[in-house]
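The values are calculated or read from the model by the stated rules, or taken from the named source; none is laboratory data. All figures in this text were calculated on a predicted structure; none of them were measured in a lab. Here Cβ is always computed from backbone atoms with ideal geometry, including for glycine, and neighbour counts include all displayed protein chains. Please note that ligands, DNA and RNA were not included when accessible areas were found on the heavy atoms of the full protein model with its side chains. Shrake-Rupley method; radii C 1.70, N 1.55, O 1.52, S 1.80 Å.
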Amino acid sequence: GRHISGTEIFILDSQLKPVAPGIPGELFIGGDGLAREYWRRPDLTKERFISHPFNNDPSARLYKTGDLVRYLENGDVEFIGRRDEQVKIRGFRIELGEIEARLINHTEIKEAAVTVNHNGDDDLYICAYYTSNHKIAKIELQHFLRDFLPEYMVPSYFKQMDNMPLTVNGKIDRRALPRPDISQMSETQYEAPANETEEKLAEIWKEMLGHKRISINEDFFELGGHSLTAAFTISRIRKTFGTDIKVKELFEQPTIKQLSRLIQKRDKQNYPVISKARKQSSYQASSAQKRMFALWETDKDSIVYNLPIMIELNGKLDVKKAESVLQEIIGRHEALRTSFDVVSGDVVQIIHDTWELEFNYQKLPSDGIRPYVKQFIRPFHLDKAPLIRAGLITYEDRNLLLLDVHHIAADGVSVGIIRKEFNALYAGHKLKQPPLQYKDYSEWQVSSGTKEALKEQEEYWLKRLSGDLPILNLQTDYERPRVKSFEGSRVSFTADERLTSSLKSVAKETGTTLYMVLLAVYNIMLSKYSGQQDVIIGTAESGRSDTELENTVGMFVNTVAIRNFPEEHKTFRAFLEEVKHHTLKDFENTDYQFENIVQKLGVKRDSSRNPLFDVMFTFESKDYGFGGNEETAESNLLVTEVNISRFDLTLTAMETDEGVNFQLEYCNHLFRKDTVERMGAHYTRLLQQVVSEPDTAICRLNMIT
């Protein structure tokens, strides 16, 4: 390894002809006996290299650009480490050298070194060491770095040194730097709640985010908060303090200290409380239930709204216990033992105190699973309870519990609740009864007091969706059927760990969330396909505005029509800011039901389309998802056998430890599989574009490589 200096490198094509000038890089000898000169060009996203014969030593080590080496007295080259040390902290990839360079730019700092260390919980944190002729306060250095670097690159620990430890070559010896004093660091990093409001907020955050201790200066979204946890957190805040805090305000003031000040300035308000409904023979159905009942009446053999669930049973199998746990869950949640009827023209719920659960256990060969699953998922009769069936199968050395639930009785969050409760009860734990049941919510929703309280939200939606509403005109492979088909398939693709980290960086830099970035790019892709600059995309919202409904099974989820304007002259950054504004405002008004919006707008019904929009976007968390599918081959088989697509296209994103997994569900009667696979590639390409060039105009973003 020797550096090339004072030399202009030319980029050569495969015939070794000069193409364009590059920037000098590194020279290293490869194991194939070729010397490689690395170069960079601003208009290219990847490093490339040219090769020419250098020596014939087959044992030569392959060094990479950025490797740090030194010559020994005997002529050997010793590998020391990486010059551009890169680490990953809380999902962000960080170049430590960049932080060092910024520190050295401080007028009072002579030398600087930046390392990473582990705290007691095995989390990484950044440490900065520096020398100076004057005492420099930590807060001064933090403010200095924040002017140049994003928050996640600002070190948690600063140590002023009299002298830096050096190697024999006069370089800073990083291994000899003193380890940080954890207790000292925690005192400077952690700030405890100073008043009752901050204490209550800290308790709410600990419960919602799963942390044992939270400083009042830590950012809610950096700690792992996302759209769903934000909605639940706001619900807790409203209930605890009786104060009207919006999700938008949590984005703007995301620390406990900031939010505490805001709460203390606000007057207390009386919020409509969901109380227990009085006992009666039947109860009002919710808006969503009425819509699903109407769809069922038009096609009683449909499985469009079946929700399949899979749970793997670990340890020794106890079939009787598995069945008794399911019976207990049905007893805990009235929605699962509810049937529906029409009384005086209104759809009503009838709750059953006794029921008969369909439960069977079979041992199957591996090739018998697919036929079993195919016959297991079948239509429900909504006039008969319970609206759940179960099958337990054993094959090889695995035990799988299959559940099939109708969507009228449960939503995606409910799927997560059923899974968690089953695992807890099967393990022998006791659970508290949910404070409210679904009938309490549905009776509250249709009450005159609630309708009056939601007048303001009604006005918001009528204004938001005023004017000519766009119909997304996508080019399809097949002519659209006169009556909408729900036969569907799906393709999968992934944003890898590196791309996901870059997307999170964009979200952090722009004060948005990963959800908003992905939604914005989906808008842009659909706009490029259709040529339209007014796009409506549907999404799902938990609908659990009351904290006492968080652990109740039922059909709470509300559909939200998010309208955006991806006009081609806007930069991605500017458009993302609009998406953020619209998303936050829309989600503040989701107590008003989608079915009521469609009715109030007088949308003309088209048997070949859905009302208002034909495409959906959902973002699933690991704990609560709207699809409820785990990442296993068996659960993918379970979903595959359903073969349903409720919309023309539905893009579902789920963050994992490896990145973001996407499923693009499509209608088989509109698109071919290869077309949708190409859509996935186009979407991924756009994601790559916006992270590297967020200030590029939409018209200049390319879907095609």
About the Cα centre of segment 193-280, what is the dipole size in debye to 20, counting +1 per Lys and Arg Cβ and -1 per Asp and Glu Cβ, all else neutral? 580
Of Lys110/Lys159; Lys321/Lys430; Lys206/Lys580; Lys268/Lys439; Lys246/Lys420, pairs whose Cα-Cα distance is over 18 Å: Lys206/Lys580; Lys268/Lys439; Lys246/Lys420
What pairs from Lys316/Lys384; Lys290/Lys384; Lys257/Lys508 go past 26 Å between their alpha carbons? Lys316/Lys384
For segment 419-538, with all protein chains present and a 1.4 Å probe, just round the carbon and sulfur fraction of the accessible area to a whole percent. 49
Of the cross-linked pairs Lys279/Lys455; Lys279/Lys604; Lys248/Lys279, which ones have a Cα-Cα span greater than 31 Å in the structure shown? Lys279/Lys604; Lys248/Lys279
Counting only heavy atoms of protein chains, what accessible area per residue, in Å², does segment 472-584 have with a probe of 1.4 Å? 36
When the charge dipole of segment 223-374 is computed with +1 at the Cβ of Lys and Arg and -1 at the Cβ of Asp and Glu, the Cα pointing farthest to the positive end, of Ser302, Ile330, Ala277, is that of Ala277
Solvent-accessible area, 1.4 Å probe, carbon plus sulfur percent, for segment 647-698: 43
Write out the trypsin sites (Lys or Arg not before Pro) in segment 255-353 meeting two conditions: DSSP loop, and at most 15 other Cβ atoms within 10 Å of their Cβ. Arg266, Lys268, Lys276, Arg278, Lys279, Lys300, Lys316
For segment 328-461, report the accessible area per residue in Å² (1.4 Å probe, heavy atoms, rounded to an integer). 44
Of the trypsin sites (Lys or Arg not before Pro) in segment 413-495, those whose Cβ has at most 10 other Cβ within 10 Å and which sit in DSSP loop: Lys430, Lys432, Arg482
Ordering His211, His106 by how much accessible area each has at a 1.4 Å probe, largest first, what is the list? His211, His106
Dipole in debye (nearest 20) - segment 441-535, about Cα centre, beta carbon charges: Lys, Arg +1; Asp, Glu -1: 160
Alpha carbon centre of segment 145-164 versus segment 575-590: separation in Å? 35
Among the chymotrypsin sites (Phe, Trp or Tyr not before Pro) in segment 464-524, which ones are in a DSSP loop with at most 15 other Cβ atoms within 10 Å of the Cβ? Mind listing them? Tyr478
